[in-house]
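K.L.:
Got a structure here, written out as structure tokens. Questions coming.
Since every read-out is calculated from the coordinates, none of them should be taken as a lab result. Only a predicted model underlies this, so the values are computations on that prediction, with no experimental measurement involved. Using ideal geometry, Cβ is built from the backbone for each residue, glycine included, and neighbour counts are taken over all protein chains shown.
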Amino acid sequence: MLLHTILLCSVLSANAYKLLVVFPIPSKSHGILGEGFVTHLLKAGHEVTYVTPILIKESPGLQQIDVSENARVLSPEIFDVSKVLTKELNLQDYELWSVVMTEILNITFNSDNVQRLLNDKDEKFDAVIVEWLFTELGAGLSAIFNCPLIWSSSMSPHTYVTSLVNEHLNPAYTPTLLSTKFSFDFWDRALNLWTYLKIWNHKRQFADKETKVYEEVFGPAAALRGQKLPAFDEVRYNASLMFGNSHVSVAETIALPQNYKDIGGYHIKRNVDPLPQNLQQIMDNSRDGVIYFSLGSLLQPQKMPIKMKRDLLNYFSALKQTVIWKLGENLTDVPKNVHLFSWAPQQSILAHPNCVLFITHAGLLSILEAIYFGVPIIGLPFFADQFVNIERAVAKGFAKRLDFSYNSPVELNEAIKEILSNTSYRDRAKDWSSIYHDKLVSPEKELVFWVEHVIKTRGAKHLRSIALATEWYKKYYMDLLACSLLSIIVLSLALCKLLPVFKNNKKKTD
Ligand SMILES: *[C@@H]1O[C@H](CO)[C@@H](O)[C@H](O)[C@H]1NC(C)=O
């Protein structure tokens with residue numbers, strides 16, 4: 001027995017890897033995605049060092065590096081819904097996000113806790129897994145620790161992540177991560193192309209600033225190890241793998257490179273937690289169904305004007321269904337069929353068979369959970385990829401989109417009636433749900449498998465796209481074009497020179 005245990009332990013430790021997992025964004029949903037990586041990798045027997053602003057439960061094999069000081073960059077004021085109403089704030093600005101994210105990473109890497117890690121010459125990792133969000137600065141960690149780089153992208157595949165491992169996407173059929181509308185109409189396609197070019201240009205202009213931060217942050221740590229810091233472009237395009245928090249049930253189906261793995265839904269618990277007793281009772285007793293209304297963890301729905309809240313309550317009171325509203329404050333005179341909460345166990349609510357509709361801000365985690373449990377949605381997008389997420393859900397037939405405005409209570413009431421009376425929304429949600437669940441292996445198994453594969457094969461070079469290694473002028477045959485043009489010019493010039501000679505000769509013979 002003892003021998004058996006010792007043998008088992010040695011086998012486990014022989015295959016145990018040491019991973020650095022970096023999810024620096026100080027927001028709950030990004031924390032959930034980071035925690036998913038940590039949980040699955042620990043469960044597979046690996047050791048994890050987790051750089052996060054949101055600490056999770058202690059666990060054997062886990063070391064956490066607290067970078068919560070970076071949260072000061074993302075003031076909660078940014079997510080005040082009343083400022084969206086008055087249009088004081090435009091959260092779809094790529095420039096704003098790249099400045100904010102670069103600053104978050106700058107503070108993260110310069111924090112004492114991360115500096116201690118970077119300056120510890122004996123520290124080694126088998127791979128680093130870094131979340132991509134508007135900047136590739138995190139790639140520097142793989143250069144310092146001299147190990148493979150794995151990206152994690154929290155969104156459906158978009159051109160700024162695919163271009164890191166393969167190519168830019170075609171704007172004619174893929175929206176940008178910050179598009180607010182998307183269709184194949186002439187003007188929408190033109191606008192999408194324009195947005196692509198604008199972002200591309202901004203990224204190019206911002207590159208110097210990013211490179212400077214990269215050199216400042218990682219230069220000293222490289223020198224300490226006696227290494228030369230590679231050029232930023234060399235590491236930013238050097239990822240072995242990219243994980244995407246997506247699935248074809250929530251995005252367009254496009255061609256992706258071999259080292260891009262969609263693992264959307266890996267954060268969802270296979271056995272959801274039981275509901276708290278009061279919620280369990282409310283949901284069990286709602287024979288006509290439950291509508292769950294939550295705008296996620298960042299937005300502050302309690303900031304909406306009081307008249308709007310009262311109007312919403314009025315409309316809700318006329319419904320046969322029960323409404324569970326994660327509002328974040330208590331109100332007086334709440335109708336009998338409405339229950340207000342400041343926190344709600346979202347997965348457990350969506351998993352309840354009586355849940356008939358989810359009103360959401362259309363964050364990707366919420367949409368994936370809706371699909372996982374087969375619940376139709378009404379989306380009120382506010383920022384980032386929420387607009388494209390809901391556009392895609394509408395196109396797939398399991399959602400309606402509303403734009404947040406003073407008219408929202410009226411529109412929401414109509415949308416609720418439409419979704420509850422027309423069964424096609426629920427049917428499509430169930431269809432997509434069964435497509436989601438019909439797969440060879442679960443996303444968490446893929447996650448662990450591919451991380452191990454990258455380490456075992458020392459960087460999985462065999463999975464990398466050849467497109468990334470092909471110079472742009474060769475890719476678009478610019479050299480051929482240049483050659484052809486040159487030949488035409490030379491030939492024309494020669495003809496011009498020779499023609500008069502021919503003419504003169506002809507005259508002479510005449
Ligand atoms: C690129 O990745 C490979 C495989 O992980 C690694 O061997 C190489 O050193 C990396 N190059 C740079 C410049 O980081």
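K.L.:
Rank Ala190, Val290, Gly379 by how far each Cα sits towards the positive end of the charge dipole of the chain (+1 on Lys, Arg Cβ; -1 on Asp, Glu Cβ) and give me just the farthest.
P.N.:
With unit charges placed on the Cβ atoms, the residue in question is Ala190.
K.L.:
OK, next. Pulled fully out, how much extra length does the chain show between Glu69 and Lys181, if you take 0.36 nm times their separation in residues and subtract their Cα-Cα distance?
P.N.:
Stretched fully, the Glu69-Lys181 segment lengthens by 36.8 nm.
K.L.:
Right, something else. Run the paramagnetic zone check for Ala207: 7 angstrom along Cα to Cβ, then residues of the range 146-189 with backbone nitrogen under 16 Å.
P.N.:
Residues 160-161, 163-168 qualify, since their backbone N sits under 16 Å from the label point.
K.L.:
Oh, and also: Once you mark the chymotrypsin sites (Phe, Trp or Tyr not before Pro) that are in a DSSP loop and have at most 11 other Cβ atoms within 10 Å, what is the longest gap between them in the chain?
P.N.:
The reported range is 1-183.
K.L.:
Give me the Kirkwood hydrodynamic radius of the range 277-437, using the inverse of the mean 1/r over all pairs of distinct Cα atoms, in Å to one decimal.
P.N.:
Kirkwood radius, the range 277-437: 15.6 Å.
K.L.:
What FRET efficiency comes out for Asp479 versus Glu77 if R0 is 45 angstrom and r is the Cβ-Cβ distance? Round to the nearest 0.05.
P.N.:
0.30
K.L.:
How much FRET efficiency would the formula 1/(1 + (r/R0)^6) give for Lys57 and Gln347, where r is the Cβ-Cβ distance and R0 is 22 Å, rounded to 0.05?
P.N.:
Result of the calculation: an efficiency of 0.80.
K.L.:
Could you grab the relative contact order for the chain? Cα pairs under 8 Å, six or more apart, rounded to a whole percent.
P.N.:
Value for the chain: 14 percent.
K.L.:
Kindly put His462, His40, His361 in sequence by how many other C-beta atoms sit within 10 Å of each C-beta, fewest to most.
P.N.:
Least crowded to most crowded, the residues run His462, His40, His361.
K.L.:
Sticking with this structure for a sec: So what is the 222 nm mean residue ellipticity for the chain from helices alone, if each DSSP H run of at least 4 adds -39500 (n - 2.57) and you divide by all residues, rounding to the nearest 500 deg cm²/dmol?
P.N.:
My calculation for the chain gives -14500 deg cm²/dmol from helical runs alone.
K.L.:
Taking every eigenvalue of the Cα gyration tensor of the range 365-408, multiplying by 5 and rooting it, what semi-axes result, largest first, whole Å?
P.N.:
After scaling each eigenvalue by five and taking roots: 18, 11, 9 Å.
K.L.:
Could you list Val21, Val235, Val394, Val73 in order of exposure, starting from the residue whose Cβ has the fewest other Cβ atoms within 10 Å?
P.N.:
Least crowded to most crowded, the residues run Val394, Val73, Val235, Val21.
K.L.:
Taking 8 Å as the Cα distance limit and 6 or more residues as the minimum spacing, I'd like the relative contact order of the range 354-510 as a percentage.
P.N.:
Relative contact order, the range 354-510: 18 percent.
K.L.:
Sticking with this structure for a sec: Rounded to whole Å, give me the distance from the Cα center of the range 99-129 to that of the range 161-193.
P.N.:
33
K.L.:
Towards the positive end of the charge dipole of the chain, with charges on Cβ (+1 Lys, Arg; -1 Asp, Glu), say which of Trp432, Pro274, Ala71 has the farthest Cα.
P.N.:
The Cα lying farthest towards the positive end belongs to Trp432.
K.L.:
Under the √(5λ) rule applied to the eigenvalues of the Cα gyration tensor, what semi-axes describe the equivalent ellipsoid of the range 218-311? Give them in Å, descending.
P.N.:
45, 22, 17
K.L.:
State the extension gain, in nm to one decimal, for the chain segment bounded by Lys506 and Gln115, taking 0.36 nm per residue of separation less the distance between their alpha-carbons.
P.N.:
Between Lys506 and Gln115, full extension yields 132.3 nm more.
K.L.:
Oh, and also: Regarding the chain, what's the average projected area of the Cα-atom convex hull, expressed in nm²?
P.N.:
For the Cα atoms of the chain, the hull's average projected area reads 34.8 nm².
K.L.:
Could you give the C-alpha radius of gyration of the range 68-196 expressed as a fraction of 2.2 N^0.38 Å, taking N as the number of residues it contains?
P.N.:
Rg over 2.2 N^0.38 Å, computed on Cα atoms: 1.29.
K.L.:
Assuming 0.36 nm per residue, please report the length gained on full extension of the stretch Asp93 to Ser465 beyond their Cα-Cα distance.
P.N.:
Residue separation times 0.36 nm, minus the Cα-Cα distance, leaves 130.9 nm.
K.L.:
If you don't mind, there's one more thing I want to ask. What Rg and what Dmax come out for the range 396-510 when only alpha-carbon atoms are used, in angstroms?
P.N.:
Radius of gyration, then largest Cα-Cα span, for the range 396-510: 33.1, 94 Å.
K.L.:
Here's another thing I want to ask about it. Within 10 Å, at most 12 other Cβ atoms, and a DSSP state outside H, G, I, E, B define an exposed site. Report the longest part of the chain free of exposed GluC sites (Glu not before Pro).
P.N.:
Answer from the scan: 89-328.
K.L.:
Take the Cα gyration tensor of the range 34-143, multiply each eigenvalue by 5, square-root it, and list the three semi-axes largest first, rounded to whole angstrom.
P.N.:
30, 17, 13
K.L.:
As an exercise, identify the trypsin sites (Lys or Arg not before Pro) in the range 22-95 lying in DSSP coil whose Cβ has no more than 12 other Cβ atoms within 10 Å.
P.N.:
Lys57, Lys87
K.L.:
Next up: Please state the relative contact order of the range 392-439 as a whole percent: Cα pairs under 8 Å, 6+ residues apart?
P.N.:
RCO, the range 392-439: 40 percent.
K.L.:
Between the range 389-420 and the range 211-229, what is the separation of their alpha carbon centroids in Å?
P.N.:
Here the answer is 49 Å between Cα centres.
K.L.:
Order these by the 10 Å Cβ neighbour count, fewest first: Asp311, Asp288.
P.N.:
Asp288, Asp311
K.L.:
Here is a follow-up. For Gln205, what is the net charge nearby, where nearby means another residue's Cβ is under 15 Å from its Cβ and Lys, Arg count +1, Asp, Glu -1?
P.N.:
Around Gln205, the charge tally is +1.
K.L.:
Rounded to the nearest 20 Debye, what is the dipole magnitude of the chain about its Cα centre when Lys and Arg each give +1 and Asp and Glu each give -1 at the C-beta?
P.N.:
With Lys and Arg at +1 and Asp and Glu at -1, about 1420 debye.
K.L.:
With +1 on each Lys and Arg Cβ and -1 on each Asp and Glu Cβ, and nothing else charged, work out how big the dipole of the range 277-437 is about its Cα centre, in Debye to the nearest 20.
P.N.:
Value, rounded to 20: 120 debye.
K.L.:
Any idea how far the Cα center of the range 306-369 sits from the one of the range 285-304, in Å?
P.N.:
3
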